[in-house]
C-alpha cells in the first residue's frame, strides 16, 4: 500500500472547506480547501504575506473566517473563541518567541497547563487536601515534557538567559503541556543555526511519536519541510497553488514563479 492509500485510510483531524478571510478590502484567504488525516505532519509554506499565519489564526479562533467551515475531528470550530478551540486539544507555538521573561523554564512550561486549572475559593480553603494534589499532578506532567525535550539542565533557569534555540524548545514544551492532539508550529526554526535546527527536528519527531500528534508546520526552511513533512500545501496571495509531497510541490511551476518570479523572455 502506498502512502496515499495509507493517508486516505486514516480519520480526518482537520478540514478547511472554502475558508475565506477578508480584512477590509483585502482578501487574505480565498476559498482554501485543506484536509489533514490524523498522525500527519503537513507543511504549510509560501512566500511572506501568502496567508499562512492568517490560516493558522483562522483555525485557532483569532481571526475566524467570514465564509467557509473549519472542522476538527468532524466538529465545526470556526465559530469558537481561541480559549474554546484550545479545549478541543489544539495547541500552537508562535512565530516570535512568546515566553514570559523573568520566569523560569519550569514555570513557563507549567503555564501550558492553564486550560486544566480551575481555581476556586473552596480549593484554596482546603489547599493541602485538594488543590495541592492537583498542583502535584500538573507538575508531574510538566516533568514528563521536560524529560521528553531534554530540558532538565535548564529547568530552573530564567528563560531570558538561555539561547534562542532552547527558548524555542521551551515554547514547544509549553504547547505540549496542554496535552494537544493537534499541534500547530509557526516557524519553529526561525533564527536558528543548522545545529539548532537539527535538534528541533529531532524533538518534533520524538514528540509526534511519543504523544501521537497531528502537526501543521509553517516553515521557510525547505530542507526541514522536505525532511519531516508527509505532504505540503503551498499558498500564495491567499490562494492554494500546490499540494503534494514536498519534492513534488517545490517543483511545481506555480510555486517556482511565486518564490522567484516568472522568467522574462528576452526582448
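Values in this text are rule-based calculations from the coordinates and carry no lab data. Here the structure is a predicted model, which means the values were calculated and not measured. Glycine gets a Cβ as well: all are built from the backbone with ideal geometry, and neighbour counts include every protein chain shown.
Choose one answer from 80, 55, 14: the residue with the largest mean-square fluctuation in a GNM of the chain with alpha-carbon springs under 10 Å.
Of 80, 55, 14, the most mobile in the Gaussian network model is 80.
Using Cβ contacts closer than 10 Å as the measure, can you line up 196, 144, 209 from fewest to most?
Working: 196 17, 144 14, 209 10.
Neighbour counts put them in this order, fewest first: 209, 144, 196.
Figure the gain on full extension for residue 198 and residue 161 (residue separation times 0.36 nm, minus the Cα-Cα span) and round it to one decimal in nm.
Residue separation times 0.36 nm, minus the Cα-Cα distance, leaves 11.2 nm.
Select from 167, 140, 95 the residue whose mean-square fluctuation is largest in a Gaussian network model of the chain (Cα-Cα springs shorter than 10 Å).
140
Diagonalise the Cα gyration tensor of the chain and give the resulting equivalent ellipsoid semi-axes, square root of 5 times each eigenvalue, largest first, whole Å.
34, 22, 18
If I take R0 = 30 Å and measure r between the Cβ atoms of residue 257 and residue 20 in this structure, what FRET efficiency does the formula 1/(1 + (r/R0)^6) give, to the nearest 0.05?
Computed FRET efficiency for residue 257 and residue 20: 0.80.
If you line up the long axis of helix 131-148 against the longest principal axis of the chain, both from Cα atoms, how many degrees apart are they, to the nearest 10?
The two axes meet at around 50 degrees.
Working out 0.36 nm times the residue gap between residue 75 and residue 226, then minus their Cα-Cα distance, what length gain in nm do you get to one decimal?
Difference between extended and current length: 51.3 nm.
For the Cα atoms of the chain, what angle does the longest principal axis make with the long axis of helix 194-211, in degrees from 0 to 90, nearest 10?
The helix 194-211 is inclined about 70 degrees to the chain.
Can you tell me which of 39, 244, 24 moves the most in a GNM of the chain? Springs connect C-alpha atoms under 10 Å apart.
24
Given the -39500 (n - 2.57) contribution per DSSP H run of 4+ residues, what per-residue ellipticity at 222 nm results for the chain, rounded to the nearest 500 deg cm²/dmol? Don't skip to the end; give the middle numbers.
Values: 11 runs with 101 residues, N = 267.
Computed ellipticity for the chain at 222 nm equals -11000 deg cm²/dmol.
Specify the angular offset, from 0 to 90 degrees and rounded to the nearest 10, of the alpha carbon long axis of helix 164-176 from the longest principal axis of the alpha carbons in the chain.
80 degrees
How would you order 184-191, 82-89 from highest to lowest mean count of nearby Cβ atoms within 10 Å?
184-191, 82-89
By counting other Cβ atoms within 10 Å of each Cβ, how are 35, 50 ranked from fewest to most? All intermediate terms of the calculation are to be shown ahead of the outcome.
Numbers: 35 17, 50 23.
If I rank by nearby Cβ atoms, fewest first, I get 35, 50.
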